[in-house]
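Input: a single structure, listed below in structure tokens.
The values are calculated or read from the model by the stated rules, or taken from the named source; none is laboratory data. Computed from a predicted model, the values in this text were never measured in an experiment. Every residue, glycine among them, receives a Cβ derived from its backbone with ideal geometry; neighbour counts consider all protein chains shown.
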2 protein chains.
Amino acid sequence: MTGIGATRPLPIAVDTMGGDHAPEEVIAGAVDAFREHGVGLVLVGQAPRIRQELDRHGFVGKIPIVHADEALDMGEGALASWRKPRSSIAIACHLVRQGRASALVSAGSTAGVVATSRLRLKGQQGVMRPAIAVTLPTRPRPTILLDAGATADVKPEGLVQFAALGTAYAQILLGGEDRSYRPTVGLLNIGAEPGKGDKLTKRAHELLAGGGHGIEFAGNVEGHDLLSGRVDVVVADGFTGNIALKTMEGTIRTAFTEVRDAMSGGAAARMGALLQRRRMRELRDRLDPDTYGGGVLLGLNGTVVIAHGASRARAITSACELADRLAAGRIVERIRDQVALTRTSRFGRRTHGERDTPTDDGAAAATERKDTPPVA
Amino acid sequence: MTGIGATRPLPIAVDTMGGDHAPEEVIAGAVDAFREHGVGLVLVGQAPRIRQELDRHGFVGKIPIVHADEALDMGEGALASWRKPRSSIAIACHLVRQGRASALVSAGSTAGVVATSRLRLKGQQGVMRPAIAVTLPTRPRPTILLDAGATADVKPEGLVQFAALGTAYAQILLGGEDRSYRPTVGLLNIGAEPGKGDKLTKRAHELLAGGGHGIEFAGNVEGHDLLSGRVDVVVADGFTGNIALKTMEGTIRTAFTEVRDAMSGGAAARMGALLQRRRMRELRDRLDPDTYGGGVLLGLNGTVVIAHGASRARAITSACELADRLAAGRIVERIRDQVALTRTSRFGRRTHGERDTPTDDGAAAATERKDTPPVA
């Protein structure tokens, strides 16, 4: 590590205007993260509205506010990031760039958050394309799937980089303090054998199986392995990962609707349902994407936690905790180190405009700079 | 229709040597299809072994047998189709080519069945690549997903053809006698809006939305629409379709395992589980891929029903019935007509070696020829 970063912990910037239940539920969740878990925060959005909500919780003056004039609508996509340079999410990115926040949390539309973050935070040096990592509710511990939709078209070398991003992320999320922890990585494919797949995954398998990239590659995994817990990290292009994630979410919802219908039909079944309602509710909560959901955008100069659009206070609290944990784990630096390993292997491909000395102090400063001028 | 085909119904060729429970369960299922549903059959495989099984059921001499020396192992992939020209699946294909069977059923390894069928039956005139259609257990009526894994790399024009294949298939499966029935077709994608997707789906959306192809295009659908019943047919490339299908199957299995665990924990829950065991079992059966599973390989000169490798007798009976129904519905001719519509539209692309008059008698004969020499 060449870390020269801040020694006092920076706050998490929370976009209070993104999400179906903004700002009430977003601010309620942020207050809980601050009160219950000691997460340092800065709230971004319409200042009078934020003050009004903080007043309800009795926290006016205890959590800093940064005003933003505009908000991205939930229906707005990538173009809005150019049209609205003063949106709450753009201002939150700005705080991260300026070194006034360590990461940001938003429940805004995924397309809008991803586009704005890419525009304002820029890609992390050496990383070709960003990826969204989501945490699947496997047991005994979660499986990380990436990319869940940030980059639809990707090259084989990009998939190898996603494996590096996922490795760095899993080390913090699953490995805790154990720096020697090496998460296993599977390639999402349509068959277990090495020769299976489309052109993209066949080539990516060759690169990953070739070694020399610091990734603990466990081979191909299939769709039914996503919830089996077979590997710690599952890598896919953003198109495939998004299809898999939404298929899983839809299937879980359908299965529970059907189970509920089956349990509510007939007197005996109704009686049975009553007797086990609580356990079923716990199970549904664990598997419900609104509870476990959301993702983390990796590969930019700053970490962006994207909560589900339907997030209630509890989900926002979890998102703030996750952002805090990733910032404390120095995720940006870990990704830089992990990606550097993939580039020293024989298939390495340099990104455009990259300098020849990617691990010098300049590179470190790029991830931790404190004096960058505003981007807007 | 220019049909000049056979007037008496041809039998279905059943590969008795493919599947985890071959030949016992395969033959038991075939006998049931013959006895209970009047499906005409010819059994292909080790003749003495078939006779022995038929004897157990009291059907020796009632169902014709065609001997085959070899069988593809469940682990064997595409190469085996060249190495084993006398395999039971190759012989079954041969019967279809010769006009001695109208379709075939196999529970062999999907890769082996697909490769052998492509080699022996050849692509249907005008169809660029074949696709596997599977039937998803939506309600009130099923949704058809294709391609579930026959063609991993496909062009946008190929996706439009898959939409035509799926339309022809759905007309027979869902439309019954109603020839005016137009199934709705959705494109599996990562967003509902037209501009969403990777390069492949963006272009395919343009082609499908452009019209002039006889397809009732309903726009993009997402992973969570697969079980919602929003459209009759969902189109994807074979890589994406396979990932979605296996993700769905794995998620259903995980959800039911978890539900069972939740129901068996604690005295009250156990009591509840007892009271509703039957309804839960019915539900699980409906959603279990071993029950509804299997697929149909479309786009070749003959229809191939691929039953799940784990098929028991009941699944084989269903597969024989399905093959019989598709043959009676003249699926090959319907696909020819439907694909011809896509090629008259402005983006049309001809396949290699195609004649200028694709709907003349020669084309009809290609799908129904009776005098083709053996392929082996």
**Request:** Considering every residue within segment A:72-89, establish whether at least one is within 14 Å of A:MET17 (Cα to Cα), part of a helix (DSSP H, G or I) and either of a type outside the set (Ser, Thr, Tyr) or modelled with pLDDT of 95 or more (or both).
**Result:** yes
**Prompt:** Looking at segment A:161-168, is at least one residue over 19 Å from A:VAL221 (Cα atoms) and either within 17 Å of the chain's Cα centre (by Cα) or at pLDDT 95 or above (or both)?
**Reply:** yes
**Request:** Tell me, please, whether a residue that is over 30 Å from A:ASP73 (Cβ atoms) and crowded, with 23+ Cβ neighbours inside 10 Å can be found in segment A:135-143.
**Result:** yes
**Item:** Residue check for B:GLU70: among the charged types (D, E, K, R), over 18 Å from the mean Cα position of the chain (by Cα) and more than 14 Å from every other protein chain (Cβ to nearest Cβ)
**Value:** yes
**Request:** Among the numbered conditions (1) assigned by TED's automatic domain parsing to the domain that holds A:ARG86; (2) out of contact with any Ser or Thr (no Cβ under 6 Å at 6 or more places or on another chain), tell me where A:PHE162 comes up short.
**Result:** (1)
**Prompt:** Residues of segment A:308-327 being more than 22 Å from A:GLY166 (Cβ to Cβ) and part of a loop (DSSP other than H, G, I, E, B), which ones?
**Reply:** A:GLY309, A:ALA310, A:SER311, A:ARG312
**Prompt:** Take the residues of segment B:216-235 that are at pLDDT 95 or above and of a type in the set (A, V, I, L, M): which is surrounded by the most Cβ atoms within 10 Å (Cβ to Cβ)?
**Reply:** B:VAL235
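Let's see how each residue does on (1) crowded, with 18+ Cβ neighbours inside 10 Å; (2) in a helix (DSSP H, G or I); (3) within 14 Å of chain B (Cβ to nearest Cβ); (4) in contact with an Asp or Glu (Cβ under 9 Å, 6 or more places away or on another chain):
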residue	(1), (2), (3), (4)
A:ASP153	no, no, yes, yes
A:VAL160	yes, yes, no, no
A:GLY166	yes, yes, no, yes
A:TYR169	yes, yes, no, no
A:ILE172	yes, yes, no, no
A:GLY176	no, no, no, no
A:ARG182	no, no, no, yes
A:PRO194	no, no, yes, yes
**Prompt:** Considering only residues of segment B:128-146 that are assigned to a loop (DSSP other than H, G, I, E, B) and either basic (Lys, Arg) or at pLDDT 95 or above (or both), which is farthest from the chain's Cα centre (by Cα)?
**Reply:** B:ARG139
**Asked** Among the residues of segment B:33-52, how many are in a helix (DSSP H, G or I), in contact with a Leu (Cβ under 9 Å, 6 or more places away or on another chain) and not aliphatic (A, V, I, L, M)?
**Response** 1
